[in-house]
Every structure is written in C-alpha cells, then in structure tokens.
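Here is the structure we will look at, set down as structure tokens.
Here, each number is a calculation from the coordinates, and none is a lab measurement. Just so we're clear, the structure is a prediction, and the values are computed from it rather than from any experiment. So basically every Cβ, Gly included, is an ideal-geometry build from the backbone, and we count neighbours across all protein chains shown.
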Amino acid sequence: MVNLIHLPGGRNCRFRVIATDGVNTAADESNAALEVGRKPPQVSIVAPESGAVLTLGSQFIFVGQGTDPDGDPIPESSFVWTSSRQGEFGIGARVDASNLSPGDHEIVLTVTDSDGLTAQARITVTVREREPVPACVGDCDGDGQVTIEEIIKMVNVALELQPVGSCAAGDANSDGAITVDEIILAVNKALNGC
C-alpha cells in the first residue's frame with residue numbers, strides 16, 4: 001500500500017512498479033492517470049528560537065523556511081510575518097523585526113503556495129526595553145570614580161573568577177556578564193572621569 005501523504009500532488013499521476021530478484025527485472029505502469037491531492041507547504045521558523053528575549057533598539061532578524069511538497073517554488077512574497085501585538089510586520093523568508101514593540105509577542109509565519117494552500121509556524125518572543133547604562137560604568141563602590149582596582153575586579157568578573165554582583169556597575173547592559181566592551185567603557189571613565 002502506498003501512503004499518498006508523502007507524494008507530491010498532481011492531476012496526471014501514474015505509478016510505476018519495478019521488481020527485481022537480483023538477476024531479472026520487470027516493470028509495470030498504472031493503466032490510467034490518477035489524481036493525488038495537492039499538499040500545503042511545510043513551514044518552520046529557523047531564527048530566533050521560541051522564548052527568545054530581544055532588546056528594543058537592537059537589530060533582530062527573523063528567518064523562516066518554506067517548501068512545497070508538490071515541488072513548486074515559493075516566492076518571497078508568500079512569506080508573511082505577523083505579531084499578536086502589532087499585526088503584519090514583514091514579508092519574505094528573512095525580515096528585520098527591529099520595529100517590534102516591547103512586550104510578549106506570538107510570532108506567526110504564514111506561507112502560501114501556488115495552489116493557495118497555507119501553513120503556519122509559531123514562536124513566542126519577548127521584546128524588552130534597553131536597560132539604561134549606569135552613569136559611571138565600572139564604579140563598583142559607587143564613589144563617583146573608577147579606579148584601577150575596580151577595572152581589575154571587572155576583568156576578574158569577565159574571566160568568571162568573581163561573581164557579577166561584586167561589580168554590578170560594570171555590567172552596563174544588565175545582561176548578567178561583563179564584557180570587553182564594558183571594561184573599555186570603564187577604562188574611559190577612569191581616564192576621563194565619571
């Protein structure tokens with residue numbers, strides 16, 4: 001028995017059976033054309049992953065994939081992205097979604113094939129406000145200046161030798177880590193003052 005779900009659709013389909021015993025081969029084809037139902041596209045959202053937290057003001061790209069099991073190409077204009085908060089926000093397999101508003105979003109990618117059949121993929125993302133940069137990045141003790149000892153402490157946090165809490169002011173973007181860029185900000189504050 002042949003499961004037609006896994007076959008491309010069409011109106012003039014035929015089956016060909018080939019059998020062999022390793023030496024002899026025989027083949028036969030169906031006597032009449034038959035119709036196999038057309039299939040909706042297969043769609044997935046490749047990036048970002050469901051549950052991602054995105055920061056407002058940063059560029060984030062959404063990437064989807066769609067294929068037509070019937071073998072027809074799917075044009076870019078057939079990929080439509082919508083948000084539960086904002087409605088349609090992009091067309092194409094790859095879209096810039098930097099204009100999403102803060103909050104939780106259910107993102108739906110709808111793909112329509114040449115037969116008008118549709119399929120959807122869904123993810124959820126959270127867009128959060130950018131955390132304000134502390135007035136004096138690297139001022140671990142809050143005395144209004146950055147010292148070499150505080151910069152060393154930041155380096156130790158970046159190397160995971162100390163917890164981030166030992167210099168919370170060094171974590172300028174509040175992402176739970178201190179990076180080289182944040183250490184450079186602190187060095188500039190040490191040189192130029194807070």
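Taking R0 as 22 Å, what's the FRET efficiency between residue 141 and residue 104 from their Cβ-Cβ distance, rounded to 0.05?
Details: r = 37 Å, r/R0 = 1.68.
FRET efficiency, residue 141 to residue 104: 0.05.
Note down the net charge around residue 144, summing +1 for each Lys or Arg and -1 for each Asp or Glu among other residues with Cβ under 14 Å from its Cβ.
Working: positive: 189; negative: 139, 141, 143, 150.
With Lys, Arg at +1 and Asp, Glu at -1, the net is -3.
Report the FRET efficiency, 1/(1 + (r/R0)^6), for residue 18 and residue 65, where r is their Cβ-Cβ distance and R0 is 41 Å, rounded to 0.05. Please report the intermediate quantities before stating the final value.
Working: r = 33 Å, r/R0 = 0.81.
The formula returns an efficiency of 0.80 here.
For the chain, with a Gaussian network of springs between Cα atoms less than 10 Å apart, report the residue from 14, 38, 85 with the top mean-square fluctuation.
Between 14, 38, 85, it is 14 that shows the largest mean-square fluctuation.
Just name one of 43, 161, 60: the one whose Cα is farthest towards the positive end of the charge dipole of the chain (beta-carbon charges, Lys/Arg +1, Asp/Glu -1).
Of the candidates, 43 comes out farthest on the positive side.
Local charge sum around residue 40 (other residues, Cβ-Cβ under 14 Å, Lys/Arg +1, Asp/Glu -1)? Mind dumping the intermediate values first?
Working: positive: 38, 39; negative: 68, 70, 72, 113, 115.
Residues close to residue 40 contribute a combined charge of -3.
Pick out which of 78, 50, 166 has the largest mean-square fluctuation in a Gaussian network model of the chain, springs linking Cα atoms closer than 10 Å.
So, out of 78, 50, 166, the one fluctuating most is 166.
Considering the options 126, 178, 69, tell which one lies farthest towards the positive end of the dipole of the chain, charges being +1 on Lys and Arg and -1 on Asp and Glu at the Cβ, about the Cα centre.
69
So if I take the centroid of the Cα atoms in segment 180-194 and the same for segment 61-90, what is the distance between those two points in Å?
Cα centroid to Cα centroid, the span is 44 Å.
Could you list 60, 89, 79 so that the one with the fewest beta carbons within 10 Å of its beta carbon is first and the one with the most is last?
Working: 60 17, 89 20, 79 23.
The fewest-first ordering by Cβ neighbours comes to 60, 89, 79.
Please compute the length gained on full extension between residue 177 and residue 29, using 0.36 nm multiplied by the number of residues separating them and subtracting their Cα-Cα distance. Mind showing how you got there, number by number?
Details: separation 148, 0.36 × 148 = 53.28 nm, distance 6.58 nm.
Result: 46.7 nm gained on full extension.
If the elastic network links every pair of Cα atoms under 10 Å, which of 170, 142, 87 fluctuates the most in the Gaussian network model of the chain?
It is 142.
Relative to the Cα centre, what is the charge dipole magnitude of segment 116-194, using +1 at the beta carbon of each Lys and Arg, -1 at the beta carbon of each Asp and Glu, and rounding to the nearest 20 debye? Write down the numbers at each step before the final one.
Values: 5 positive and 12 negative charges, 88 e Å.
Dipole of segment 116-194, to the nearest 20 debye: 420 debye.
Run the dipole for the chain about the Cα centre, Lys and Arg Cβ at +1, Asp and Glu Cβ at -1, nothing else charged, and hand back the magnitude in debye, nearest 20.
Details: 12 positive and 27 negative charges, 128 e Å.
Its charge dipole is roughly 620 debye.
Can you compute the FRET efficiency between residue 49 and residue 129 using 1/(1 + (r/R0)^6), with r the Cβ-Cβ distance and R0 = 35 Å? Round to the nearest 0.05. Walk me through the numbers before you get to the answer.
Working: r = 21 Å, r/R0 = 0.60.
Plugging the Cβ-Cβ distance into 1/(1 + (r/R0)^6) gives 0.95.
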